1. Can you compute the helix-only [θ] at 222 nm over the chain? Use -39500 (n - 2.57) per DSSP H run of at least 4 residues, normalise by all residues, nearest 500 deg cm²/dmol.
2. What's the FRET efficiency of residue 23 with residue 376 using the Cβ-Cβ distance as r and R₀ = 51 Å, to the nearest 0.05?
3. Classify segment 575-692 from the C-alpha gyration tensor, please: rounded if a/c falls under 1.5, else prolate or oblate depending on whether a/b exceeds b/c.
4. Can you give the extra length, in nm with one decimal, that the chain gains between residue 384 and residue 261 once fully stretched, where that is 0.36 nm per residue apart less the Cα-Cα distance?
5. Determine by what factor the alpha-carbon radius of gyration of segment 218-339 differs from 2.2 N^0.38 Å, reporting the quotient.
6. Mind giving me the FRET efficiency for residue 67 and residue 147? R0 is 45 Å, r the Cβ-Cβ distance, nearest 0.05 is fine.
7. Taking a ≥ b ≥ c as the square roots of the eigenvalues of the Cα gyration tensor of the chain, is the shape rounded (a/c under 1.5), prolate (a/b larger than b/c) or oblate?
8. For segment 374-433, just say rounded, prolate or oblate: build the C-alpha gyration tensor, square-root its eigenvalues into a ≥ b ≥ c, call rounded for a/c under 1.5, and beyond that prolate if a/b exceeds b/c, oblate if not.
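We did not get these values from a lab; they are worked out from the coordinates using the rules stated. Source: prediction; values computed, not measured. Here the Cβ is made from the backbone with ideal geometry for all residues, glycine too, and neighbour counts use every protein chain on show.
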């Protein structure tokens, strides 16, 4: 039986972002360090607990000693170690003597086809207690945080200053020190409610901290907070909501949570719910309440980390802060309403979109231009088209509003609110609100067609602008969120079945930038941007279960998202059919030789008058017939049928290679035959480039 291990790192209050990083990285790090020291632990026995003032690592049933490992030392090759009769040579005798053994104790093993003699022994199994101080030091010293601090010990960087360390192996303290702090068994409770507490052994840790008002298990804290929110909201027949996901932050801001209720003046409910929710959540991290009709209440809930005895004064303070924020928002809202969207739109030339390519007014003109282009491509007419173009014209108007300057996350939402108040059609307002969707991975998509198209051209313009300015995403850096934007274009197209040529859209977007000097040339931007967007198509389809090589095989054949998806699914299905082998033969046999066609002959048509063998003419006639059939099937999107039609060429291809010497001595005949094979290869590539498939 082993003993339980505990390491607690006590700190000043950690930011919630650091807590999330710890939970993501630490279990793997702990396991790897134990494995590096040959201490075998069950990954399921590793538990990481995080609260604002501590990071705790608990590992159950840690064995008392290392697991011995095989130590292998290589000696001479077998042919040098033994003579013809199998007796050890001086080389083997000397090697054995150096290791303190006899030649009979050596073993023979083969490596990469050669055999050597080896001395194999087992390492010493050191006690775990001797290894844990070094392991603890590595855990603390090498812990990663996106942002770190220094606080007097310049050789150590950590998210926040360390104040105490608890390290126990069973009931024994694991002795080590770092940053002037020595390990022991004394922990600290809640900053205001608790005090010092002695941890006798790891199994008592959670309850010992509970006795000093620390709910150290973040999973338990989250469940407790959510349960309290539900119960308190339910008592009013309301429901707590968390649109901005503040629970992920709040759970790491408190160690002894208490959920309390506050309120603001009911007269403020005249403001849009989004404004009030933003005021409650953006800085205050409150939880709004709504009724069954999703109507917002003037009552809110918040989570306290202080002394419940002071709940009344804490609530009053929270209400006072929120009331001030709402009054400021109300003033800004009324000023915006008095200004109006049209006046805001006329002021967009005062707001810089990007220093290299102009203002928000310039961007608005590009959006209107792209909206016209995409509306034409999609065949949008009537009210849908009118609402789209009106929304494009007003898309950035709220950028000059006081509300958006105060609450940047309300861009689009405020434009939609003001549009409805001013009598614009509901679809116009909805498109204004939906133009930035999806705003996160797996995020909500636009519901309306005008919103979907406006969101698409908004993203296309952002991508082209960044690439034209020489600022594409690089590595993990994507300051403009262009990867999300490109994925948004893909998912929106599939959600609304928007069938358009993305290359054409990108080229059109760059047309509105060509008059600006110093930008990346149009051709480079188009290729780079289209490739970038298509990479998101690969991810979208592979996430949906299509193999990556299948997607890559059809990617060069189309610039239409829906078309690429249909081709990929058809090829994926065809690959498991019996006919796939015929298709591979039809493609690979001509392709292997077509590579020898001189480049200058690539654009020259096949000349039937140069055919010298019946098999040439037979393959040519068969290919001509299939070409027309495949063209029609591709035109109608019947890609599975097109692949099947190509397999009908198998007999003619086999007969051709059985009877025709492609590399004939006559240069004209030889090149004509190579052109014929290249044409056959290109016919298959109309549907898919099979070179990209993995065996």
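1. Here the helix-only value at 222 nm equals -15500 deg cm²/dmol.
2. 0.55
3. On the way: a/c = 1.78, a/b = 1.68, b/c = 1.06.
It comes out prolate by the Cα gyration axes.
4. Fully extending the segment from residue 384 to residue 261 adds 39.8 nm.
5. Taking the Cα Rg and dividing by 2.2 N^0.38 Å, one obtains 1.07.
6. 0.75
7. Numbers: a/c = 2.74, a/b = 1.09, b/c = 2.51.
Since a/c reaches 1.5 but b/c is at least a/b, the shape of the chain is classed as oblate.
8. Prolate shape, in that a/c is at least 1.5 and a/b is the bigger ratio.
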